[in-house]
1. Using +1 at the C-beta of Lys and Arg and -1 at the C-beta of Asp and Glu, which of T38, P185, I76 has the Cα lying farthest in the positive direction of the dipole of the chain?
2. Hey, how many Å between the Cα centroid of region 146-163 and the Cα centroid of region 100-141?
3. Can you pull the one-decimal nm distance between simple spin-label points at D10 and R210, each 7 Å off the Cα toward Cβ?
4. Rounded to the nearest 10 Å², what accessible area does S245 show when all protein chains are kept and the probe is 1.4 Å?
5. For the chain, calculate the relative contact order in percent as a whole number, restricting contacts to Cα pairs under 8 Å that are 6 or more residues apart.
6. Tell me, what % of the accessible area of the chain is carbon and sulfur with a 1.4 angstrom probe?
7. Name the residue from S133, F166, W225 whose Cα lies farthest towards the positive end of the charge dipole of the chain, charges +1 on Cβ of Lys and Arg and -1 on Cβ of Asp and Glu.
8. Relative contact order, percent, of region 42-88 when contacts are C-alpha pairs under 8 Å separated by at least 6 residues?
Amino acid sequence: MFDAAPPPSDHALLQDSAFAAALKLCGQSPIKLPCGLTLLCRRILGIPFVMLPRAEPPRDLDAQLASVGLARVPTILSPERPCKDMRAVRIRLGIATATIDLTPKTDTRRASLHAKWRNQLCRAEDSPLQIRSTSLKTNHPILRLEEQQARARRYANWPTNLTAAFATVAPDQTRLFTAYLFGTPVSHMLFLLHGGRATYHIGHTNEEGRKYHAHNLLLWNASCWLAKSGRTSLDLGLLHTDTHSLNRFKLRSGAHSYDTGGTWLRWHPFARKTAP
């Protein structure tokens, strides 16, 4: 089993040691650079690539890649925030992401909620819903529900076996919040913890859950629990242009929108073109 999470630090979920350990459990071979960042190995149209996900490239990236024998392998960079002097070819603009700052006091965070979102939360708090939170079990029904939901709505997310692997190697870095109505689960939200931060991972609700605004109650309870546990921010995921209602739910929860750094290609044949 993967050991306890590293000391709190400001790194993205895809750069957490538990994520790398989960990939290994699924048969993949992530590569650790000397600087501590994790590379993912992929093939696109049969061509081997490496990816540096959600991290600012180190200034000595070429030397870092050379140290692990990857100096001439095409490298895809996707920094978490816009970076200067990428020395790479941009292949995709960044997509905004929604993040809740968990450092203000509870009253301050509650006051920052959109009025309609807060009214829905109040109705959920006055409803018969009850909230429980646990670590994720690898056989929990939410994994099956997420797989069915992703297939029906045609969106891409982690394979369920990767989520289960994460729960296996680092159960203490998972937190599942479930809303019950008279003893029956009607809504779930799963969060993954990484250093001093947390990320919303998957969720599911049914008609009863929607009727009682269970997701408002789950997200609020989760944010309070995460703040008390010392987490400083909660990443709610990307704000895609075709998910308007979901984007509205995220931003009305007190989240702020931040631009990601886009996607870039760094490869030896382009070195002269991209040098500053």
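The values are calculated or read from the model by the stated rules, or taken from the named source; none is laboratory data. No experiment lies behind these values; they were computed from the predicted model shown. Cβ atoms come from the backbone with ideal geometry, glycine included; neighbour counts cover every protein chain shown. Protein only, heavy atoms only, side chains kept; ligands, DNA and RNA dropped before computing areas. Shrake-Rupley method; radii C 1.70, N 1.55, O 1.52, S 1.80 Å.
1. Looking along the dipole axis, the top candidate is I76.
2. 24
3. Placing both labels 7 Å along Cα→Cβ, they lie 3.9 nm apart.
4. Rounded to the nearest 10, the figure is 80 Å².
5. 31
6. Of all accessible area on the chain, carbon and sulfur atoms account for 53 percent.
7. F166
8. 46
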